[in-house]
Each structure stands twice: as C-alpha cells, then as structure tokens.
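Enquirer: Mind having a look at this structure? Questions to follow.
None of the figures in this text is laboratory data; all of them are computed from the coordinates on show. Remember, it's a predicted structure, so these values are computed and weren't measured experimentally. Note that each Cβ is placed from the backbone with ideal geometry, even for glycine, and that neighbours are counted across all protein chains shown.
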Amino acid sequence: MIEQRFDDGKIESIKEFQAPEDLYRGLIERVRKYHPSDDITMIEKAYNIAHEAHKDQLRKSGEPYIIHPLCVGIILADLEMDKETIAAGLLHDVVEDTILTKSEIEDEFGEDVALLVDGVTKLQNLQLPEDYRNKPAEQLEMQAENLRKMFLAMARDIRVILIKLADRLHNMRTLAHMPSEKQHRIAQETLDIYSPIAGRLGISKIKVELDDLSLKYLKPEIYADLKAKVAQKKEERESYVESIAQGIEKAIADAGIKGEVNGRVKHFFSIYKKMHNQGKTLDQIYDLFAVRIIVESVKDCYAALGVIHEMYKPIPGRFKDYIAMPKANMYQSLHTTLIGTDGVPFEIQIRTYDMHRAAEYGIAAHWKYKEASDGKKIETQEEEKLVWLRQILEWQRDMSDNQEFMNLLKSDLNLFSDDVYCFTPQGDVKNLANGSTPIDFAYSIHSAVGNKMIGAKVNGKLVPIDYKIRNGDRVEIITSQNSKGPSRDWLSIARSTSTKNKINQWFRTQFKEENITKGRELIADYCKTKSIELSDIAKPEYMNIIVRKYGFHDWDAVLAAIGHGGLKEGGVVNKLVELYDRDHHKNLTDEEVLAAANESYGPVGVGGNWSGGAIIVKGVHDVAVRFSRCCNPVPGDDIVGFVTRGRGVSIHRSDCVNVTKMVAEDRSRLIEAKWESDSVLSGEKYAADIKIFANDRKGLLADVSRVLTENNISIISLNTRTSKQGLATMETSFQVSSREELITVTDKLRAIENVIDIERSTG
C-alpha cells in the first residue's frame with residue numbers, strides 16, 4: 001500500500017508556555033509508544049526531582065525553568081532513546097543550577113544516569129569565543145580544547161552528546177528571548193560545531209532544524225525573505241509533488257512493490273546554500289522539493305529505481321548509490337535527479353524502512369544499549385559506527401599542540417568535510433582524504449605506480465597532476481618505464497603524508513652520488529660555522545667509529561644519509577669532536593692529583609685507590625662526590641673530577657666549558673675519574689640537557705614530545721622560543737640511564753622534519 005504525506009523532516013516542535021504537567025503527559029505518551037517496558041518509575045522520579053529542584057527558577061522567556069528539561073526529554077523520546085537517557089535529560093541541569101550533587105543522583109538513579117548527567121554538566125560551558133575564526137592561535141586552541149572535551153564525553157558515552165544536541169535544539173527554538181549579540185554567537189556556534197556533529201552522527205532530524213534555526217539568526221533578512229517566497233508557491237509546489245507521487249504510486253504498485261511515497265520541500269538552509277554557492281535566485285532553483293520512496297528490501301530499492309527511470313529521464317551525473325557505498329555516518333539511500341514532464345527537475349530518494357530510520361535518527365537508531373522486553377539491556381554489534389570517534393581520540397592523545405590537532409581535525413578527520421570516494425579502472429573503490437590528487441591516488445595503489453607516473457586520466461580525460469579528485473571519479477594513472485621518477489614539486493602537491501614519505505624515499509635511493517657530495521658540503525659548512533678544524537677530526541679511526549655507530553657500510557653511506565636528510569651533520573661532527581677530544585685530553589700526574597686533594601682535604605688514599613658510588617675517583621676516598629649541574633654528565637661520558645674548596649669533588653664532562661676554559665691555577669685541581677662498570681645497570685637516572693635548533697613549523701613541539709614519550713623518557717622541563725627569522729630553539733631537560741640512551745634519543749630527534757641541529761649543554 002502506498003501512503004502519500006508531506007513531511008518537513010523535523011522533530012515535532014513544542015508550543016511555548018504549555019503547562020509542565022501537559023508536557024510531562026506528552027513525554028510519557030511518546031515513551032510508551034516505543035519502549036518495550038511499561039515501567040516509567042525512573043522517568044517519573046526524575047521529573048519530580050527536577051521539578052522540585054528548579055521550582056523557583058525561570059527562563060529568559062518568563063516560563064518555569066522545568067519547561068526546558070521537559071522539552072529536552074521529549075526530543076530524546078522522539079529519538080526513541082532509553083529511559084536512562086530521558087531521565088538524564090530531565091536532570092541535565094540540576095547539578096549545574098541547583099544544590100543537587102552527582103552522588104545524590106547516583107544514589108537515586110544509579111551510576112548510569114549519574115555519569116550521563118555529569119558528562120552533560122561538564123559540557124555546559126562549552127562555547128566558542130566570538131569571532132574565533134579571525135582570532136590568533138590562542139583562540140583556536142581554546143576551540144580545539146573545547147572540542148576535545150566534547151569528544152572525550154562522546155568516547156565515554158555517546159548518549160551525553162545526544163542529550164547535549166537535544167539541549168541545544170530546544171535552546172535554539174527559544175533563542176528569540178536572548179539578546180541579539182548572544183543570538184548571533186550561539187547560532188554561529190551551532191552551525192560550526194553542533195550541526196556538523198549531528199550530521200556526522202547521521203541525525204538528520206536534528207541537523208536540519210539546527211541549520212534552519214542558525215540561518216534564521218545569522219541571516220535574519222535572508223531567512224525571512226526565503227521563507228516568504230517559499231510560502232508564496234507552497235500550494236503550487238505541493239500540488240506538483242502530489243501529482244508526481246500519484247504517478248509513482250501507480251507505477252510502483254503495478255510492479256508489485258510495497259512501500260510509501262513521501263514528498264517534502266527542502267529545508268531553508270539547503271536552499272540558501274544552493275543559492276549562495278551557485279549565485280542563483282530562488283526562481284532559478286527548480287529542485288526545491290524531493291520525493292522519497294520507502295520500501296521493504298534492498299532488492300525493492302533497485303527495482304523501484306528501474307521503474308522511476310522508465311517514467312522520467314534521469315539527469316546524467318546526478319545518480320548516487322549510497323546503499324553500495326554508505327556515507328561515513330552509515331547513511332544509505334539511492335539518490336537520483338530526474339526531469340519532470342514539464343521540464344522541472346526533482347530529486348527522488350529510495351531506501352528501505354531500516355535505512356530511513358537510520359537516516360532520520362542516525363546513531364540513535366543503531367543505539368548499542370537497546371532493551372529487551374524484560375527491561376534488561378542487550379548489546380548489539382554497532383561499534384563500527386564510532387570508528388571515527390576512536391580515531392579522534394588517538395590523534396588527540398598523540399598531540400600536545402592544540403592548533404595542529406584542530407588543523408588535522410578539519411582536514412583529515414572530515415568533521416567539516418567528506419571523504420572522497422573514487423574508482424580504479426577495474427572498478428575498485430578507493431577512499432582518499434578530501435583534496436587528494438592523482439599523485440595520492442597513484443601512491444595509494446603502489447609506490448612503483450607513483451614513481452613511474454607521467455600523467456593521469458579522470459573519467460577518460462587527461463587532467464593535470466594537481467587536479468582535486470571528486471566523488472565518483474574514475475582515475476587512471478599513466479605510467480612509463482622511461483619515467484625519470486617523481487619531481488620534488490610533487491611534495492607540495494600531494495595531500496597525504498604517506499605519499500610524501502614515499503616520494504622522499506625515492507629521492508634518498510636514487511641520488512646517492514649527489515647526496516654524498518651534498519653531505520660532504522654540509523659537514524664542511526657546519527665545521528666552518530662552529531670554527532672546527534675539519535682536518536683534525538676527519539681521521540679514519542674516528543670515521544670508522546661513526547660508520548659502526550649508525551650501522552652503515554662505509555663513510556660515503558654516512559655522507560649520503562646526511563645529504564638526503566636522514567642524518568644531521570651537526571650530530572656527526574659533534575661525535576667526531578668528542579672522539580678527538582677524548583684522545584687529546586691532558587691527563588694530570590698522580591703527584592698533582594694528591595697535591596690538589598691534600599690542599600682541601602688533608603691526607604687521601606695514595607696511588608691506585610678507587611672510591612665513590614657510581615663514580616670512581618683516582619687517589620681519593622671518603623670524600624663527597626657530586627655531579628656538576630653545568631654539564632650534567634651521564635654514564636658513558638668522558639668525565640673528570642674537580643677538587644672544590646670545602647664541597648668535595650665535583651664531576652664534570654671532559655668537554656665542559658668550565659673545564660676547557662679553566663685557568664691554569666684551577667686546572668691543577670683536576671683529578672681523574674671514571675664510571676663504575678655496573679653504573680648503567682644500576683637503574684639510576686641522570687639529568688641530561690640538550691638544545692634543539694629547527695626551522696619553526698606547526699606541530700614541531702608535538703613531534704619532539706612524541707619522540708621523548710615513545711622512548712619512555714621522563715621530561716623534567718621543555719622551553720621553546722622562536723626568533724623573528726623563524727628559527728626555533730628548544731631547551732629540554734630529561735632523564736636517561738646512560739650516554740648510549742641519550743645518543744639514541746637525540747638521533748631520533750634529529751630525524752624530525754625541520755630540525756637543523758642538536759647540541760648538548762656543555763656548561
């Protein structure tokens with residue numbers, strides 16, 4: 001049987017200034033329609049407690065405050081949510097605005113409801129600063145931090161966000177009672193944050209109304225004009241849609257397909273976007289309405305599509321199969337745009353009843369906490385619906401830089417933009433990030449395809465390599481064995497980080513001779529900058545140690561690694577300097593040591609005696625030994641002791657500035673020292689200070705922090721500053737167990753993009 005009806009697609013609006021008792025009865029009637037259990041004790045108790053808690057409070061409109069939580073509960077009931085969610089909706093403001101506490105709610109309703117109320121309470125102050133889009137980085141960081149709070153709440157329990165969306169929807173419905181400035185801020189926030197989240201969760205019933213209400217307050221004149229013009233021809237359009245629906249009804253019934261036919265006018269925000277994006281007036285937009293066919297099975301969807309295409313001529317390129325390829329929010333439907341008998345285009349959507357429920361209610365239709373007829377909760381397999389949320393959380397845990405998180409969120413996560421689905425020549429679907437190019441497509445297939453690419457075709461036509469791939473494109477990569485490989489310009493065109501890494505890998509392997517020459521030049525330039533005599537440190541014995549340290553076959557391989565950026569020239573030169581300084585260190589005689597020690601401490605152990613915990617000092621025992629903070633030696637460093645006046649022996653690195661620049665009188669107080677053989681195995685941690693020099697970029701601090709965290713390094717401090725020329729200097733102090741561990745960490749830090757050099761503090 002075919003049913004004809006017109007539907008505005010919105011959750012039922014509630015008339016203002018209804019008595020709380022009438023609203024409560026309406027809420028219970030809605031719950032009884034869908035809930036398997038007749039027990040409404042929890043909802044009744046929540047209403048009574050909320051009513052009592054808010055009894056002396058009024059809204060800006062002058063109505064009793066309890067009207068708001070009741071309307072939130074009704075919106076949640078329209079989404080057919082469980083009783084715990086509705087109870088939490090009724091109570092969502094009591095912790096924030098009354099004397100009730102979370103523990104009292106838990107005592108009355110259990111942990112589930114208490115956690116939901118607490119989650120919503122934590123989001124109560126979530127709002128974006130005015131003009132945040134034009135504000136500097138700190139304002140954007142505030143935006144990102146607020147988004148993180150929301151996502152964390154989503155991860156704990158998605159129902160928190162459903163309550164928050166219902167709360168925002170009712171606030172938007174009653175926004176007329178707010179000052180105009182606040183109306184604009186709340187509407188902008190709704191359009192930028194809440195509406196996209198409702199869309200990402202697939203709840204079109206809420207998204208459509210939030211969009212329209214936002215337009216009403218952001219563009220009041222345009223909204224009023226649009227509403228008036230649409231209303232002028234409402235009867236004419238409804239009559240036209242009804243005639244189409246009657247024709248479709250008969251055709252589908254004749255084909256033996258059971259279902260419903262609904263006609264609807266598109267919502268105002270959708271019409272406004274089309275007018276704005278296409279530069280058209282309302283009279284120039286003909287597809288203002290859509291016909292929806294709801295059938296019983298997927299087979300019937302495609303059968304109905306065949307019937308429709310026999311009746312009306314389809315517009316090329318306007319057919320979308322979201323059944324075979326659902327949207328990220330699991331939306332499924334067939335979309336096709338047709339030309340009517342009088343030449344007016346209109347859209348038809350075809351879906352099953354289950355698909356329609358998912359399209360209208362989104363994640364609420366797939367809710368994992370469904371209830372059986374006996375009231376007990378059962379689990380359903382809907383976890384894949386929240387994959388995108390888990391991805392957000394993984395990213396935000398990995399990033400300490402809020403601005404970088406926000407950029408990733410907007411570009412890669414597709415909260416504000418969609419993925420691009422395209423096809424290979426064989427018909428396989430490829431899912432790429434928005435803004436991807438044929439270069440990204442080629443390397444997503446295989447590195448060899450990308451390396452040999454000389455051009456690309458999209459839908460059978462040649463396109464430039466910076467072409468932005470669109471949904472439904474069929475992409476063919478043209479390759480040649482005579483190709484010279486990728487161009488460095490591709491690095492600025494490619495969208496994916498993975499693609500850029502593969503291109504860089506090709507350059508590292510293909511240009512070894514050039515890289516060797518470049519590496520040699522970089523070492524020479526670095527030595528010149530640091531006033532280091534290259535001929536002194538470039539000895540075969542020292543170079544062989546470097547080769548073994550980094551696992552290369554020969555010195556040319558080290559130079560090649562420096563040339564393509566795999567190694568930093570500063571690290572290699574500094575290691576050569578350390579080796580040179582170790583062999584050219586001036587050793588004091590035992591007589592000088594004893595004389596220096598006796599000057600402050602009186603008699604000490606004679607030649608050959610060794611003493612002191614992890615440090616062994618020649619010729620000294622029963623004397624306090626401490627580490628110098630100017631250079632922070634760690635096990636494995638070449639060290640030397642200095643006999644202080646009255647404070648024992650201080651241990652310095654042999655390359656410490658305070659040692660190398662020591663005056664002759666003080667140098668007579670130096671004393672040999674070394675580490676005990678088991679000092680590294682003792683589990684002791686030692687402070688190490690380094691300076692990182694880099695060309696500043698977004699995410700640099702996050703990358704440095706990530707390397708330290710991934711290597712289980714405890715950070716003591718981390719300070720950064722950036723010059724006007726864009727040179728970033730980071731000074732960080734952290735704990736390591738040995739010099740070997742320190743070298744491992746600094747090597748990984750040197751491999752970070754844009755890092756120029758790393759120096760260890762020497763006093």
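Enquirer: Let's test the formula: R0 of 41 Å, r as the Cβ-Cβ distance of GLU665 and THR529. What FRET efficiency results, to the nearest 0.05?
Expert: 0.80
Enquirer: Measure up LYS549/LYS674; LYS530/LYS724; LYS452/LYS500; LYS320/LYS457 against 24 Å on the Cα-Cα distance and list the ones that go over. Intermediate values should be presented prior to the final figure.
Expert: Details: LYS549/LYS674 22 Å; LYS530/LYS724 22 Å; LYS452/LYS500 15 Å; LYS320/LYS457 22 Å.
Going by Cα-Cα distance, every pair falls inside the 24 Å limit.
Enquirer: May I ask you to sort GLU741, GLU108, GLU52 by Cβ crowding, counting other Cβ atoms within 10 Å and putting the fewest first? Don't skip to the end; give the middle numbers.
Expert: Numbers: GLU741 21, GLU108 16, GLU52 13.
In increasing order of surrounding Cβ atoms, one gets GLU52, GLU108, GLU741.
Enquirer: Excluding GLU569 itself, calculate the net charge of residues whose Cβ lies under 14 Å from the Cβ of GLU569, where each Lys or Arg counts +1 and each Asp or Glu counts -1.
Expert: Working: positive: LYS518, ARG520, LYS528, LYS530, LYS568, LYS575, ARG750; negative: GLU521, ASP525, ASP747, ASP757, GLU759.
Every neighbour counted, the sum reads +2.
Enquirer: Along its principal axes, what span do the Cα atoms of the stretch 192-240 show, with the longest given first and each in whole Å?
Expert: Computed over the stretch 192-240, the largest-to-smallest principal extents equal 35, 26, 9 Å.
Enquirer: Where q = 0.14, 0.15, 0.22, 0.23 Å⁻¹, what log10 of I(q)/I(0) comes from the Debye formula for the stretch 686-760, counting one point per Cα?
Expert: For the requested q values the scattering log ratios are -0.38, -0.44, -0.96, -1.05.
Enquirer: Also, quick follow-up: Take the cross-link list LYS528/LYS691; LYS273/LYS468; LYS227/LYS327; LYS33/LYS250 and give me the ones stretching past 26 Å between alpha-carbons. Before the final figure, lay out the partial values.
Expert: Values: LYS528/LYS691 20 Å; LYS273/LYS468 22 Å; LYS227/LYS327 30 Å; LYS33/LYS250 32 Å.
Exceeds cut-off: LYS227/LYS327; LYS33/LYS250.
Enquirer: Within 10 Å, count the other beta carbons around each residue, average over each peptide in 242-254, 479-491, and list them highest first. Each step should come with its number before you reach the end.
Expert: Working: 242-254: 16.5, 479-491: 12.8.
Top to bottom by mean Cβ count within 10 Å: 242-254, 479-491.
Enquirer: Right, another one. Each label point is 7 Å from the Cα along the Cα-to-Cβ direction; what then is the distance between the points at ILE222 and ASN431, in nm?
Expert: 3.3 nm
Enquirer: Here's another thing I want to ask about it. Given the Cα-Cα distance of THR517 and LYS258 and 0.36 nm per residue of separation, how much length would full extension add, in nm? If you can, show how the numbers build up before the last one.
Expert: On the way: separation 259, 0.36 × 259 = 93.24 nm, distance 7.56 nm.
This chain segment gains 85.7 nm when fully extended.
Enquirer: Work out the FRET efficiency for ASP696 and GLU111 from their Cβ-Cβ distance, taking R0 = 60 Å, and round it to the nearest 0.05.
Expert: Working: r = 47 Å, r/R0 = 0.79.
About 0.80, to the nearest 0.05.
Enquirer: Percentage of Cα-Cα pair distances in the stretch 420-509 greater than 18 Å, rounded to whole percent?
Expert: Values: 1405 of 4005 pairs.
Beyond 18 Å sits 35 percent of the P(r) for the stretch 420-509.
Enquirer: Tell me the Kirkwood radius of the stretch 511-583: reciprocal of the mean inverse pair distance over distinct alpha-carbon atoms, in Å. Each step should come with its number before you reach the end.
Expert: Numbers: mean 1/r = 0.0832 Å⁻¹.
Value: 12.0 Å, from the Cα pair sum.
Enquirer: What is the set of long-range amide H partners of GLY455 at a cut-off below 5 Å, with H atoms built 1.01 Å from backbone N?
Expert: Amide H to amide H, under 5 Å and 5 or more residues apart or across chains, GLY455 pairs with ILE478.
Enquirer: Turning to a different aspect of this structure: If you take the charge dipole of the stretch 511-583 about its Cα centre, with +1 on Lys and Arg Cβ and -1 on Asp and Glu Cβ, which of THR517, CYS527, LEU567 is farthest toward its positive end?
Expert: So the residue we want is LEU567.
Enquirer: How much length, in nm to one decimal, is gained on full extension between ARG706 and GLN278, taken as 0.36 nm per residue of separation minus their Cα-Cα distance?
Expert: Working: separation 428, 0.36 × 428 = 154.08 nm, distance 4.48 nm.
Stretched out fully, the ARG706 to GLN278 stretch lengthens by 149.6 nm.
Enquirer: Relative to the present Cα-Cα distance, how much length would full extension add between GLU684 and ARG25 at 0.36 nm per residue of separation? Intermediate results must be reported in sequence, preceding the final value.
Expert: Values: separation 659, 0.36 × 659 = 237.24 nm, distance 6.89 nm.
Length gained between GLU684 and ARG25: 230.3 nm.
Enquirer: Moving to a separate point now. Project the alpha carbons of the stretch 216-317 onto their principal axes and report the range along each, largest first, in whole Å.
Expert: Reported extents, whole Å, longest axis first: 48, 29, 22.
Enquirer: Report, in listed order, any pair from LYS164/LYS502; LYS266/LYS299; LYS539/LYS661; LYS484/LYS568; LYS512/LYS685; LYS512/LYS748 with a Cα-Cα distance greater than 32 Å. Can you show the working numbers first?
Expert: On the way: LYS164/LYS502 43 Å; LYS266/LYS299 27 Å; LYS539/LYS661 25 Å; LYS484/LYS568 28 Å; LYS512/LYS685 40 Å; LYS512/LYS748 22 Å.
Beyond 32 Å: LYS164/LYS502; LYS512/LYS685.
Enquirer: Under a plain spin-label model, where a point goes 7 Å from the Cα along Cα-to-Cβ, how far apart in nm are LYS250 and ARG488?
Expert: 7.1 nm
Enquirer: I'd like the distance between the alpha-carbon centres of the stretch 705-763 and the stretch 76-118, rounded to an integer number of Å.
Expert: That distance is 47 Å.
Enquirer: Using a simple spin-label model with points 7 Å from Cα along the Cα→Cβ vector, what separation in nm is obtained for THR101 and ASN48?
Expert: Each label point is offset 7 Å from its Cα along the Cβ direction, giving 2.3 nm.
Enquirer: Taking R0 as 41 Å, what's the FRET efficiency between LYS234 and HIS309 from their Cβ-Cβ distance, rounded to 0.05? Display every interim value, and only then the final one.
Expert: Values: r = 29 Å, r/R0 = 0.70.
With a Förster radius of 41 Å, E is 0.90.
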